[in-house]
Amino acid sequence: MAEKPAQALWQDYRFLTKEIKKFLKKQDMALFYHLVEQRELVQTIIDQTTDDGFKDSQAGRTMLTEIQQENQEIIHDLQVQLGRSKRQHQVSEAYSGVSNAPISRLSWKR
């Protein structure tokens, strides 16, 4: 397999970042995690590839800024989902705590 230039690798990274965001919004966590793994692999390849000046070019800086913005949105969406999940867990715990109370102790007589 021929090595890709840095620009092509960063384009792949950006594409995966956009897909990660899309599937996070759809709450398809299996595909979300799979895409994160793929992006980590691309990051490893980027780290091992010599930069041909792409990151310092105007196009490179623009792309990296876009990726950073997408990453911030992903982080925000994950924080929202975490908060939602915690609330759902607390409600579930509250209801399960009520259902564990022995009903036989209640006095139904007046």
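Coordinate-derived values only; no laboratory data. Please read these numbers as outputs of a predicted model, since none were measured by experiment. Note that we place each Cβ from the backbone using ideal geometry, even for glycine, and neighbour counts take in every protein chain shown.
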Problem set entry | Conditions (1) of a type outside the set (Ser, Thr, Tyr); (2) closer than 27 Å to VAL80 by Cα; (3) in a helix (DSSP H, G or I): number failed by GLN27 | (3)
Problem set entry | Count of segment 52-66 residues which are in contact with a helix residue (DSSP H, G or I) (Cβ under 7 Å, 6 or more places away or on another chain) and either on the phi > 0 side of the Ramachandran plot or surrounded by fewer than 15 Cβ atoms within 10 Å (Cβ to Cβ) (or both) | 2
